[in-house]
Amino acid sequence: MTDNGNDKVEIRRDRYLIQLKHPILIRTRMYESPCGVLMLGAAEEKLCLCDWLKEPHHRQVEYRLQRMMGAEFEEGTTEVIEQAARQLDEYFSVQRHTFDIPLMLVGTPFQQSVWQSLLTIPYGDVLSYAEVACRIGKPRAVRAVAHAIGANALSLFIPCHRVIGSNHSLMGYAGGQEAKRQLLEIEKGAYILKKCRNHLPYKIIL
């Protein structure tokens with residue numbers, strides 16, 4: 001429903017209502033990390049996208065932002081994007097353990113509850129999908145939690161790479177298992193790799 005006088009759009013879904021100025025523009029630029037290429041995106045002075053450029057995950061994330069926000073994408077940059085890039089530089093050079101970028105979480109209430117829980121996982125630590133489900137008070141919703149984690153549009157800033165299988169396997173990751181392994185290695189080195197080594201499809205040299 002569009003109000004031409006106030007230039008706003010209401011986007012209704014089953015269990016939530018978003019009110020945004022219309023149209024909303026997401027500016028994007030590439031960021032080349034040591035683990036692969038990321039797409040950074042910002043709207044309304046908040047970071048809404050930090051996604052690995054791998055298909056089909058990247059296309060699905062873009063589609064969800066377009067559908068839920070009524071958004072359009074435009075190549076460019078903003079101060080928030082440049083600040084995010086600087087903090088990523090510091091993270092990958094092991095000079096930063098936390099981020100303080102304003103974030104825009106675009107998802108259902110359940111997805112947002114899962115993402116908020118991920119924000120509480122400390123640098124260098126890991127949780128299982130089952131432990132995340134227990135943290136949000138839904139211990140039987142492990143599969144739904146896994147789907148919500150897979151829908152995360154803000155990799156690294158919402159640290160879904162810190163969630164592993166109950167058997168200490170790496171499990172899936174939007175940037176690929178190798179990127180996930182490298183991120184965990186950056187954060188905790190040999191300790192996590194030793195826990196995962198028997199479940200990885202490639203040789204680890206410690």
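Only one residue in LYS188, LYS138 is at negative phi, open to solvent by 20 Å² or more (accessible area, probe 1.4 Å), modelled with pLDDT under 95 and among the basic types (Lys, Arg). Which one? Spell out how you get there, then give the answer.
Numbers: LYS138 fails: modelled with pLDDT under 95.
On inspection, the qualifying residue turns out to be LYS188.
Of the residues in the stretch 107-118, at least one is loosely packed, with under 14 Cβ neighbours inside 10 Å and within 22 Å of VAL61 (Cα to Cα).
The set of residues from the stretch 34-76 being within 20 Å of THR108 (Cα to Cα) and out of contact with any strand residue (DSSP E or B) (no Cβ under 9 Å at 6 or more places or on another chain) comprises ARG59, GLN60, TYR63, ARG64.
Of all residues in the stretch 119-135, those satisfying the criterion of being over 13 Å from the mean Cα position of the chain (by Cα) and open to solvent by 40 Å² or more (accessible area, probe 1.4 Å) are THR120, PRO122, TYR123, ASP125, GLU131, CYS134, ARG135.
Can you tell me which residue in the stretch 174-185 is nearest to PHE92 (Cα to Cα), limited to those that are open to solvent by less than 30 Å² (accessible area, probe 1.4 Å) and not basic (Lys, Arg)? Per the criteria, the residue is LEU183.
Could you say whether any residue in the stretch 162-171 is open to solvent by 10 Å² or more (accessible area, probe 1.4 Å), closer than 27 Å to MET69 by Cα, part of a loop (DSSP other than H, G, I, E, B) and not basic (Lys, Arg)? The answer is no, given that none of the residues of the stretch 162-171 is open to solvent by 10 Å² or more (accessible area, probe 1.4 Å), closer than 27 Å to MET69 by Cα, part of a loop (DSSP other than H, G, I, E, B) and not basic (Lys, Arg).
In the stretch 120-139, the residues that are among the basic types (Lys, Arg) reach residues that are open to solvent by less than 20 Å² (accessible area, probe 1.4 Å) with C-beta atoms within less than 6 angstrom, at least six apart or across chains, in these pairs: ARG135/SER117.
With the stretch 1-67 as the region, which strands (runs of 3 or more DSSP E) entirely inside it contain at least 1 residues that are in contact with a His (Cβ under 8 Å, 6 or more places away or on another chain) and modelled with pLDDT of 95 or more?
Values: elements: 8-12, 17-21, 24-33, 36-43, 46-52.
Filter on the stretch 1-67 gives 36-43, 46-52.
Quick check on the stretch 84-99. Is at least one of its residues of a type outside the set (Asp, Glu), out of contact with any strand residue (DSSP E or B) (no Cβ under 9 Å at 6 or more places or on another chain), surrounded by fewer than 16 Cβ atoms within 10 Å (Cβ to Cβ) and closer than 19 Å to VAL163 by Cα? Yes, because at least one residue in the stretch 84-99 is of a type outside the set (Asp, Glu), out of contact with any strand residue (DSSP E or B) (no Cβ under 9 Å at 6 or more places or on another chain), surrounded by fewer than 16 Cβ atoms within 10 Å (Cβ to Cβ) and closer than 19 Å to VAL163 by Cα. Residues in the stretch 41-57 that are surrounded by fewer than 21 Cβ atoms within 10 Å (Cβ to Cβ) and within 12 Å of ALA71 (Cα to Cα): GLU44 only.
The values are calculated or read from the model by the stated rules, or taken from the named source; none is laboratory data. Remember, it's a predicted structure, so these values are computed and weren't measured experimentally. Note: ideal-geometry Cβ built from the backbone for every residue, glycine included; neighbour counts use all protein chains shown. Surface areas here come from the heavy atoms of the whole protein model, side chains and all, with no ligands, DNA or RNA. Shrake-Rupley method; radii C 1.70, N 1.55, O 1.52, S 1.80 Å.
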